[in-house]
Amino acid sequence: MAGNDWINSYLEAILDVGPGLEDKRSSLLLRERGRFSPTRYFVEEVITGFDETDLHRSWVKAAAMRSTQERNTRLENMCWRIWNLARKKKQLEGEEYQRLAKRRLERERGRREATADMSEDLSEGEKGDVLGEISQHGESNRGRMSRVVSVDAMESWAAQQKEKKFYIVLISLHGLIRGENMELGRDSDTGGQVKYVVELARALATMPGVYRVDLLTRQISSSDVDWSYGEPTEMLHSGGLENHNQELGESSGAYIIRIPFGPKDKYVAKELLWPHVPEFVDGALSHIIQMSKVLGEQIGGGEPVWPVAIHGHYADAGDSAALLSGVLNVPMVFTGHSLGRDKLEQLLKQGRSTREEINATYKIMRRIEAEELCLDASEIIITSTRQEIEEQWRLYDGFDPVLERKLRARIKRGVSCYGRFMPRMVVIPPGMEFHHIVAHNGDMDSDMEGNDENSGTQDPPIWGEIMRFFSNPHKPMILALARADPKKNITTLVKAFGECRPLREIANLTLILGNRDDIDEMSSTNASVILSILKLIDKYDLYGQVAYPKHHKQSDVPDIYRLAAKTKGVFINPAFIEPFGLTLIEAAAYGLPIVATKNGGPVDIHRVLDNGLLVDPHDQQAIADALLKLVADKQLWARCRQNGLKNIHLFSWPAHCKTYLARIASCKPRHPQWQKADTGDEGSESDSPDESLRDIQDISLNLKFSLDGEKTDVSTVFENALDSEENVPYGKSEQGNDVKRWSKGTFDGNAKLHAMRRRKYIFVIALDCPQSDLPNALKTILQALKNASASESIGFIMSTSLGISEVHELLTSGSLSSADFDAYICNSGSEIYYPSVNSEDCPSGLPFAVDLDYNPHIEYRWGGEGLRKTLVRWVSSINEKNGEMTISEDEALSTSHCFAFQIKKADAMPPVKELRKMMRIQALRCNVIYCQNATRVNVIPVLASRAQALRYPKDVFCL
């Protein structure tokens, strides 16, 4: 390889290595008992502490040594280092091959098992052989939803949507988000995603049928950032977007809602926000419930207006959206922006870090699991390009293009999928605002003459900053606008320009590579790119032909595009891979033809705009030829320019939002299933929404007692997570027949619910493993807390993996009454009970009544009998593999929403993540929980859990 010539030169020099150093004055590092030991040096210095990025630097230093012996010895050591790098790379490639082979086998096995369960013969569409009509992500090309292509079509569509009044919730947690003067590029978290979500919220609010859009983010009150990020609410003005909403209400429009969570006075990176996601979910839930009631009074006839969708952006927001979607039972939408598995794959290919090191830095495994949960919970996954589906989402356990095609075909035919489901993958490119863009129609000479005649017209300052580099600023400008990142492949562009004399003679090159003050103060990666470019400019003597200004503002970017268009230039994106390529759309909007990488999103953009050429980013000659062709052929340049301007409206915000809303509206409507409790005291001050929300925020699980399998001193307070059972196995469930009988009856829980609403404090006692002294401990805790305050001001909830019959046995053994607790969260959060003395409510004879609304509330994507059959088959495979009875189904403890299995040998069981993986590969969406000291496993609905049950917002149950 040309870039490794320096390696070949010193490898040749190694052949001239003489005997070991005998000079006593030589460095101690190079001597051992009077002579140098390459082996020891290799072990101590190379294997234990080499850095691939320092190889070239070490070679330069070694080549500069005056002593021939010492120089040759150092070169020999570098040879060992190169050998070690090659060995490590080969080892990593072997491990990667084995991992991919294993994954392929798991996928194929999962498909076979899923197909076997769906025993009906597959149709031609399900076989997925007709590639021309069915795309890889399951959408029919012929039936694809059309975009808005004219003003008349937009008005026609708007008339159809006029009567709808949607409430949409967007979530974007990290970065600095505000409506005006966005600090894009301030850090890695404040980039294109911030701009996208703000503009999406603003654009959606102007669409017919949309009443209100809330963009939920983090409230930051810190001296490190501007005060505006601490404001609880910010209204987003429509700007230049045409507002189709003719009847605006008091709360209509788009708003940024900042929820306080995480460190109160500190701005932190997204990798540090994961532990605080539950805190955000609780705050967001309170806001959505309150806003739904407010909107209900304004436009809902007194009934709450629930979000038509909750849309999470990036993994942390997706995790939050999944939990909120489960609590409120409303559809979820997800946009990844960038995906964890793809980032992990890229970092591993670089070979500089292990999985453990990558995870420690980026919290990548937590991010990947959040994205898997998004696949479990989302109705729709929105992507910018097909590349994101075909090369990124297919890396996940929860998405398989082949199986997705089969499921989609069966759903269209109304055939049962036996509990299997995959979200719809929809390509909707980001929108842009074009109202402020005026495409230039003149050329550089005429503009210069016009400015001479009219001294009042001045060029933008950034023009002068760029043109001062050029000896002939009138030549067409080749413009590249990207970060100084190796992935952007700018060095190949400079080489292509430098080695193509015809291109150099007729064009200039402008490189906008971010802002810098001192190269030495930049990160090592960015600095190396800048230094490489400067060396290439010197190598090819490109002075007067290449501009590389040190500074520019975000507001200067439109003027930079205009300058390139004035000179009849070309915009180029030569990145090795580009997920989308928003700059290509921006360039087209200003009348610039494009040359772009053929890897990733630019393929889709070029297909729509048809305004340039695609190239292989690794082919230097192809890049030069494409640029020369566009710059030299004026007719081709003009045709590409006109095509771009003609088709650019297809990437406008109205077109994006129309497609977006059509997809949202196609989701099956869902809303909370609980019934409103009529307490008779709706007008009381203590029951007002504001007072209720304030009490909920005050109590916010002030105290938790954990009695999960430990012998606990009642004076000790434990702050254990309610879902810690996920790290242990299996929980019991109660009699399924009782649930079915109770569901046919009626339960008037108003009195009990009204009593809970009046509680000032709620104590949640989470327990998992009953012990002999547990009943006495419970009794002591309850008595101590009741004595500490008025009994009516304190309430108790039991959260457990036990079934209700086991709970009753536990209470009876301690001489406790069912009325001592206000509610019981049982079977790992799959069921909720209230104490009851009415025998009609309790046909089983136990003094508990089931919450009739909770089971349908968590029914979403519950596989039912189809899931149970898969689990039974899994149990048989585990027992066969171990050669003994390791796990067995416990039918007596299973219920309609909790399949229970008894574990007899815990150390022979696979980790819970392996079982989750197996379920996801087969498109079965569920929550697998090991509990009771690895003696049981509960499989419950995907969005059910003990923590989620506490958020169940039945007016009082929203903690």
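The values are calculated or read from the model by the stated rules, or taken from the named source; none is laboratory data. Keep in mind that this is a model prediction, so the values were computed, not measured. Glycine also receives a Cβ, built like all others from the backbone with ideal geometry; neighbour counts cover every protein chain displayed. What goes into the accessible areas is simple: the full protein's heavy atoms, side chains included, and nothing from ligands, DNA or RNA. Shrake-Rupley method; radii C 1.70, N 1.55, O 1.52, S 1.80 Å.
How many residues, within segment 927-950, are assigned to a strand (DSSP E or B) and either closer than 17 Å to residue 376 by Cβ or in the same structural domain as residue 324 (by the TED database) (or both)? Break it down into steps so the answer makes sense when it comes.
Within segment 927-950, the subset assigned to a strand (DSSP E or B) is 927-931, 936-941.
Narrowing further to those that are either closer than 17 Å to residue 376 by Cβ or in the same structural domain as residue 324 (by the TED database) (or both): 927-929, 938-941.
So the answer is 7.
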Handout entry: Breaking point among (1) more than 30 Å from residue 649 (Cβ to Cβ); (2) open to solvent by less than 30 Å² (accessible area, probe 1.4 Å); (3) in contact with a strand residue (DSSP E or B) (Cβ under 9 Å, 6 or more places away or on another chain), for residue 548
Key = (2)
Problem - Pair list, Cβ under 8 Å, 6 or more apart: segment 878-900 residue loosely packed, with under 14 Cβ neighbours inside 10 Å and assigned to a loop (DSSP other than H, G, I, E, B), other residue modelled with pLDDT of 95 or more and of a type in the set (Ser, Thr, Tyr) - result: none
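If the requirement is being free of Cβ contacts under 8 Å to residues at least 60 places away in the same chain and part of a loop (DSSP other than H, G, I, E, B), which of these qualifies: 536, 542? Before you say what the answer is, go through the steps one by one.
On the way: 536 fails: part of a loop (DSSP other than H, G, I, E, B).
Just one listed residue meets the conditions, 542.
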Fill in the blank from the handout: residue 871 meets each of (1) assigned to a loop (DSSP other than H, G, I, E, B); (2) farther than 26 Å from residue 786 by Cα with one exception, condition (1)
Problem - Residue match in segment 510-527 (condition: in a strand (DSSP E or B), open to solvent by 10 Å² or more (accessible area, probe 1.4 Å), of a type in the set (A, V, I, L, M, F, W, C) and in contact with a helix residue (DSSP H, G or I) (Cβ under 6 Å, 6 or more places away or on another chain)) - result: no
Exercise for the section: Return yes when residue 449 is surrounded by 15 or more Cβ atoms within 10 Å (Cβ to Cβ), over 30 Å from residue 402 (Cα atoms), at pLDDT below 85 and among the acidic types (Asp, Glu) and no when it is not. Expected result: no
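Please give the strands (runs of 3 or more DSSP E) falling wholly within segment 182-289 in which 1 or more residues are out of contact with any Asp or Glu (no Cβ under 8 Å at 6 or more places or on another chain) and open to solvent by 40 Å² or more (accessible area, probe 1.4 Å). Don't jump to the end; show me each part of the working.
On the way: elements: 210-218, 233-236, 253-259.
Filter on segment 182-289 gives 233-236.
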Handout entry: Yes/no for residue 257 being aliphatic (A, V, I, L, M) and in contact with a Pro (Cβ under 6 Å, 6 or more places away or on another chain)
Key = no
Practice task
Kindly indicate whether any position in segment 397-412 is modelled with pLDDT of 85 or more, closer than 20 Å to residue 107 by Cβ, surrounded by fewer than 20 Cβ atoms within 10 Å (Cβ to Cβ) and not hydroxyl-bearing (Ser, Thr, Tyr).
Solution key: yes
Practice task
Determine whether residue 878 is out of contact with any Phe, Trp or Tyr (no Cβ under 7 Å at 6 or more places or on another chain) and not charged (D, E, K, R).
Solution key: yes
Handout entry: Considering residues of segment 559-609 that are within 19 Å of residue 430 (Cβ to Cβ) and of a type in the set (D, E, K, R) only, the residue most open to solvent (accessible area, probe 1.4 Å)
Key = 607
Problem - Residue match in segment 300-313 (condition: assigned to a helix (DSSP H, G or I) and either modelled with pLDDT of 85 or more or in contact with a Leu (Cβ under 7 Å, 6 or more places away or on another chain) (or both)) - result: no
Fill in the blank from the handout: Selection from segment 791-809 of residues surrounded by fewer than 24 Cβ atoms within 10 Å (Cβ to Cβ) and more than 17 Å from residue 763 (Cβ to Cβ) yields 805, 806, 808, 809
Fill in the blank from the handout: For segment 290-319 the number of residues that are within 19 Å of residue 218 (Cβ to Cβ) and crowded, with 24+ Cβ neighbours inside 10 Å is 10
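Restricting to segment 257-299, and then to whatever is among the basic types (Lys, Arg) and at pLDDT below 95, can you tell me which residue is nearest to the chain's Cα centre (by Cα)? Write out each step before concluding.
Step one: of segment 257-299, the residues among the basic types (Lys, Arg) are 258, 264, 266, 270, 293.
The next check asks that each one be at pLDDT below 95; those that pass are 264, 266, 270, 293.
Details: 264: 24, 266: 23, 270: 11, 293: 30 Å.
Among those residues, the one meeting the criterion is 270.
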Exercise for the section: Please report, ordered by residue number, the helices (runs of 4 or more DSSP H) entirely within segment 46-136 with at least 3 residues that are touching a helix residue (DSSP H, G or I) at 6+ places or on another chain (Cβ under 7 Å) and at pLDDT 60 or above. Expected result: 55-63, 68-117
Practice task
Out of the residues in segment 455-496 that are part of a helix (DSSP H, G or I), within 31 Å of the chain's Cα centre (by Cα) and charged (D, E, K, R), state the one that is surrounded by the fewest Cβ atoms within 10 Å (Cβ to Cβ).
Solution key: 487
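What tally of residues in segment 413-435 results from selecting those that are over 20 Å from residue 861 (Cβ atoms) and either at pLDDT below 60 or open to solvent by less than 30 Å² (accessible area, probe 1.4 Å) (or both)? Steps first, please.
Start the filter on segment 413-435 by keeping residues that are over 20 Å from residue 861 (Cβ atoms), which leaves 427-435.
Subset that is either at pLDDT below 60 or open to solvent by less than 30 Å² (accessible area, probe 1.4 Å) (or both): 428-432.
Total satisfying the criteria: 5.
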Fill in the blank from the handout: Looking across segment 901-926 at residues that are aliphatic (A, V, I, L, M) and in a loop (DSSP other than H, G, I, E, B), the single one that is least open to solvent (accessible area, probe 1.4 Å) is 923
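Name the single residue that is most open to solvent (accessible area, probe 1.4 Å) among those in segment 617-651 being of a type in the set (S, T, N, Q) and touching a helix residue (DSSP H, G or I) at 6+ places or on another chain (Cβ under 9 Å).
Applying the first criterion (of a type in the set (S, T, N, Q)) to segment 617-651 yields 620-621, 635, 642-643, 647.
Within this subset, residues satisfying the condition of being touching a helix residue (DSSP H, G or I) at 6+ places or on another chain (Cβ under 9 Å) are 620-621, 643, 647.
Numbers: 620: 50, 621: 110, 643: 29, 647: 31 Å².
The selected residue is 621.
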Fill in the blank from the handout: residue 808: passes all of (1) assigned to a helix (DSSP H, G or I); (2) farther than 30 Å from residue 861 by Cβ; (3) modelled with pLDDT under 85 but (3)
